[in-house]
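These notes concern the structure reproduced below.
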Ligand SMILES: [Zn+2]
């Protein structure tokens, strides 16, 4: 089975200009590193246009585009982004162009309704994760919204963004009620417990080890660390060794490493007592660097490095399982 365990859809803010600025801020140094923008001064509007960066910032992607860009994939996990205020603007997953049929004016408050509508349009392909922000209207409201998203909307998982939303996943007041409800509902949780290039994001809440409290308190909770904890990849791997129901998905990380580094990472994970069965392929599509077909090919070609590195190849069955069966087993799609 071929599964992308980490994707997004629709837009991130109603206001196209704000979305553009938001996207540009988070992408500035990435584009500088690619040699597409000047490194020591603020780029001009013309330089941004010439860089190839999309005019709209975070792209507006519908289900047809997502399926088109996932050739051969059996399942695509779509993750809601819960509402938060940023510079006075309410951001989060929003259907600015009215493609989902969710009634009323577009609003990030309806992020879970939009994701549910997209799942309903193609339930064979899409797996929908709700999102809630306990720092937005408080933990009780977040728990109610999570219950509604799962029991009424039929969403099948939960995505959390503590470091973007100014709360710690180890906070017993804000975070624990949400984890407790997810455990009670029996749904898997994915947490963005990794860095971010957004200036406003709080790196002090980003470390994978901050999930240790949730792992100790919620022993049955299936918890996936997004982006394999980058830049704290070893810390994330250690959490996978410590907690039986912790997993990691590889988006962003897999795009930043060379094939040789990816091969060495898989060998290193095994040597660090992490079963490769705990790793999931993910892309963070439609993130601008993250072509699902290309990243899949990159993972499948890692054994080309084995001879040069001097380590035994990774068994093909294990690579294939990272591409989908590991997620399917965690999620309960496969025995
Ligand atoms: Zn993402």
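Structure notes:
- Residue in segment 301-308 that is more than 30 Å from residue 220 (Cβ to Cβ), within 16 Å of the ligand (Cβ to nearest atom) and in contact with a helix residue (DSSP H, G or I) (Cβ under 6 Å, 6 or more places away or on another chain) present: no
- Residues of segment 227-259 that turn out to be within 19 Å of the chain's Cα centre (by Cα) and within 15 Å of residue 330 (Cα to Cα), as a count: 6
- Listed by position, the helices (runs of 4 or more DSSP H) contained in segment 150-245 that have at least 3 residues being more than 21 Å from residue 25 (Cβ to Cβ) are 176-185, 212-217, 233-242.
- Condition met for residue 327 (within 16 Å of the ligand (Cβ to nearest atom), assigned to a loop (DSSP other than H, G, I, E, B) and surrounded by 18 or more Cβ atoms within 10 Å (Cβ to Cβ)): no
- From the options 255, 297, residue that is within 16 Å of the ligand (Cβ to nearest atom), surrounded by fewer than 22 Cβ atoms within 10 Å (Cβ to Cβ) and assigned to a helix (DSSP H, G or I): 255
- Residue match in segment 127-137 (condition: part of a helix (DSSP H, G or I), in contact (Cβ under 8 Å) with a residue 12 or more places away in the chain and under 19 Å from the mean Cα position of the chain (by Cα)): no
- Residue satisfying condition, being part of a helix (DSSP H, G or I), farther than 18 Å from residue 150 by Cα and without any contact (Cβ under 8 Å) to a residue 24 or more places away in the chain, within set 117, 64: 64
- In the set (1) part of a helix (DSSP H, G or I); (2) more than 17 Å from the chain's Cα centre (by Cα); (3) over 30 Å from residue 318 (Cβ atoms), residue 106 fails one condition alone, (1).
- Flag if residue 58 is crowded, with 17+ Cβ neighbours inside 10 Å, assigned to a loop (DSSP other than H, G, I, E, B) and at pLDDT below 85: yes
- In segment 19-37, the residues that are surrounded by 18 or more Cβ atoms within 10 Å (Cβ to Cβ), away from the ligand (no atom under 16 Å from the Cβ), more than 16 Å from residue 255 (Cα to Cα) and under 22 Å from the mean Cα position of the chain (by Cα): 20, 28
- Complete set of residues in segment 260-290 that are more than 16 Å from the ligand (Cβ to nearest atom), surrounded by fewer than 18 Cβ atoms within 10 Å (Cβ to Cβ) and closer than 20 Å to residue 30 by Cβ: 261
So that you can scan it fast, the table gives a plain yes or no per residue for (1) modelled with pLDDT of 95 or more; (2) over 25 Å from residue 165 (Cα atoms); (3) in contact with a strand residue (DSSP E or B) (Cβ under 9 Å, 6 or more places away or on another chain); (4) crowded, with 24+ Cβ neighbours inside 10 Å:
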{"residue": "73", "(1), (2), (3), (4)": "yes, yes, yes, no"}
{"residue": "84", "(1), (2), (3), (4)": "yes, no, yes, no"}
{"residue": "89", "(1), (2), (3), (4)": "no, no, no, no"}
{"residue": "96", "(1), (2), (3), (4)": "no, no, yes, no"}
{"residue": "99", "(1), (2), (3), (4)": "no, yes, yes, no"}
{"residue": "114", "(1), (2), (3), (4)": "yes, no, yes, yes"}
{"residue": "128", "(1), (2), (3), (4)": "yes, no, yes, yes"}
{"residue": "134", "(1), (2), (3), (4)": "yes, no, yes, yes"}
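The values are calculated or read from the model by the stated rules, or taken from the named source; none is laboratory data. As the structure is a prediction and not an experimental result, all values here were calculated from the model. Note: ideal-geometry Cβ built from the backbone for every residue, glycine included; neighbour counts use all protein chains shown.
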